[in-house]
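Accompanying notes for the structure given below.
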Amino acid sequence: MLATFVDDNKCVNNVTFWQVVNDDQVATVPRLEKHKKSENLHKHFHVDVKTFILILEMSWIDVEKKTCNVWCELGFYYDVYQFLQTFDYFTESHEKDNDRTHRLKNISPEDIQIPFDIVNAVAMDMRSEAHFIRQTDGQEPDAFYTETKDVHRGRRGNYLSDEKGLVKFVDINKCEPKMFWKFETRTYRMELSYKATEVYAPFDEMHIFFKLITANCRPGTNRVKFHYQEDESDYSGLKQPIQGHYPSNLDAKGNVVARINSQHSYGSNDTSWDRLYVSIRFKSYKAQPILQYYVVPTLLFMYLVIHPFEESDNLLGVSSTLVLANVALLIIDGNNVFNYYEQAVLVQIVMIIIGTIVLLLIGERKSGVTIICLTAVDFAVSCITVLLHWYTAKKRNGEINDAIEKNDFALLGTI
């Protein structure tokens, strides 16, 4: 029995009613009941999009802009039937006709495409793309790449396209569920923004994100669901250390392990849009900055205390030189934040000034006890500084990792 809803604006006791017109009768139901029927009617409209991501290379990191440049490939495959059920209105066609059975008789692979964007991409330069449709025997393909065993299914032909079941056009009138599958892939040179805790350097960490979202806000985009394909995704382009950073999560074979957040979505007014977040955690090399910014300034202070000075002018000259040497360490890096190793250098500048004042007051009475006491105090200050920095950085980095794990992106200042 076919039911049609007709709005006749009937209102009884402040309740709006709708007429439900059936084949043989007319009934009046509350408007709320109409909404419930409508919700049930549209629940089956969805597009399950199998998604894979390849990051083939990371060229450089811009610390000042907090971006990184990567070469990546993004691929989708999905059921053409599901797509047409949801996006028939937006499917490209040369025919100008409201009748979809006529307008969509010759759908080419380029006519149907998933609306998407990379929300944290500062710049995207697409280098290549490929679109094709495969016809199967009602089974879902096992993989995107068409050299897998599931592709041929016993077919033999004089042309490769026949063996792989490739078709140039699909007729909406002959399109059944799981009969035709659309495949699309694109390669990009992309500049991605990343999350970093550079204020905690040299104990800082960096998280490179790849934030895939549905785009264009047209009807139906909230029904697109991304399904991450782990077996076909690869991040070998991030294996090599770059600009003092290296990937922290590697498997037994040395492959980069990414953290996948597939349960994250963005919602507004009972409507949510699916998101797929991929993050790769990087740590920084610590040996060189610890030696440069923690150990060397401490040794310079010890030199000031141990070296014998016959005149106060010589002491002031050497002290001034050491202060300028430490200030040079602050200038060399040129960060936009006052990070931990710069704080350690500043602590040693203060210690040099205090040590100089103490030595001037003592004068010729400086003894071995004085040297030991000043050296011990500075060494203790250095140890406390480095341990405090390490502990606070570890705690904060742990909080960020937990937030990413639990999809608490508000803590990261993003959505």
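The values are calculated or read from the model by the stated rules, or taken from the named source; none is laboratory data. Small disclaimer: the values here were computed from a predicted structure and weren't measured. Here the Cβ positions follow ideal geometry from the backbone for every residue, glycine too, while neighbour counts run over all protein chains shown. The area values use the complete protein model at the heavy-atom level, side chains included, leaving out ligands, DNA and RNA. Shrake-Rupley method; radii C 1.70, N 1.55, O 1.52, S 1.80 Å.
Over 23 Å between Cα atoms, which of K50/K283; K65/K406; K50/K178; K239/K395 qualify?
K50/K283; K65/K406; K239/K395
Got a sec? What order do V167, V278, V296 fall in by accessible area at 1.4 Å, biggest, i.e. largest, first?
From most exposed to least exposed: V296, V167, V278.
Express in nm, to one decimal, how much length is gained between Y89 and I331 on full extension, taking 0.36 nm for each residue of separation and deducting their alpha carbon distance.
Computed gain between Y89 and I331 is 81.2 nm.
At E129 and N158, where each label point lies 7 Å from the Cα along Cα→Cβ, what is the point-to-point distance in nanometres?
Inter-label distance under the simple model: 3.4 nm.
Could you calculate the FRET efficiency of T136 with Q229 from 1/(1 + (r/R0)^6), where r is the beta carbon distance between them and R0 is 22 Å, rounded to 0.05?
After rounding to 0.05, the efficiency reads 0.80.
To the nearest 20 debye, what is the magnitude of the charge dipole of the range 285-415 about its Cα centre, counting +1 on the Cβ of each Lys and Arg and -1 on the Cβ of each Asp and Glu?
280
Could you work out the equivalent-ellipsoid semi-axes for the range 66-220, taking the square root of 5 times each eigenvalue of the Cα gyration tensor, largest first, in whole Å?
Value: 36, 21, 13 Å, ordered largest first.
For Y285 and Y266, calculate 0.36 nm times their separation in residues minus their Cα-Cα distance, and state this gained length in nm to one decimal.
Gain on stretching Y285 to Y266: 3.3 nm.
Using a 1.4 Å probe, how large is the accessible area of R218, given in Å² and rounded to the nearest 10?
60
Could you compute how much accessible surface V369 exposes when probed at 1.4 Å, giving the result in Å² to the nearest 10?
100
What figure, in Å² to the nearest 10, do you get for the accessible area of C373 with a 1.4 Å probe and non-protein molecules left out?
Accessible surface of C373 is approximately 70 Å².
Along Cα→Cβ, 7 Å out, is where each label goes; now give me the distance between the ones at E176 and T321 in nm to one decimal.
Taking the simple label geometry, E176 and T321 are separated by 9.0 nm.
Output needed for the range 51-106: three equivalent-ellipsoid semi-axes, defined as square roots of 5 times the C-alpha gyration tensor eigenvalues, in descending order, whole Å.
With the √(5λ) rule applied to the range 51-106, the semi-axes are 41, 14, 9 Å.
When 1/r is averaged over all different Cα pairs and the result inverted, which Kirkwood radius in Å belongs to the range 197-340?
19.9
If you keep only loop residues by DSSP, which GluC sites (Glu not before Pro) in the range 203-255 have at most 15 other Cβ atoms within 10 Å of their Cβ?
Those satisfying the criteria are E230.
Find, among the GluC sites (Glu not before Pro) in the range 282-378, those assigned to loop by DSSP (not H, G, I, E, B) with at most 12 other beta-carbon atoms within 10 angstrom.
For GluC sites (Glu not before Pro) across the range 282-378 that sit outside H, G, I, E and B with at most 12 neighbouring Cβ atoms in 10 Å, the list reads E310, E311.
In what sequence, largest accessible area first, do Y293, Y246, Y200 appear using a 1.4 Å probe?
From most accessible down to least: Y246, Y200, Y293.
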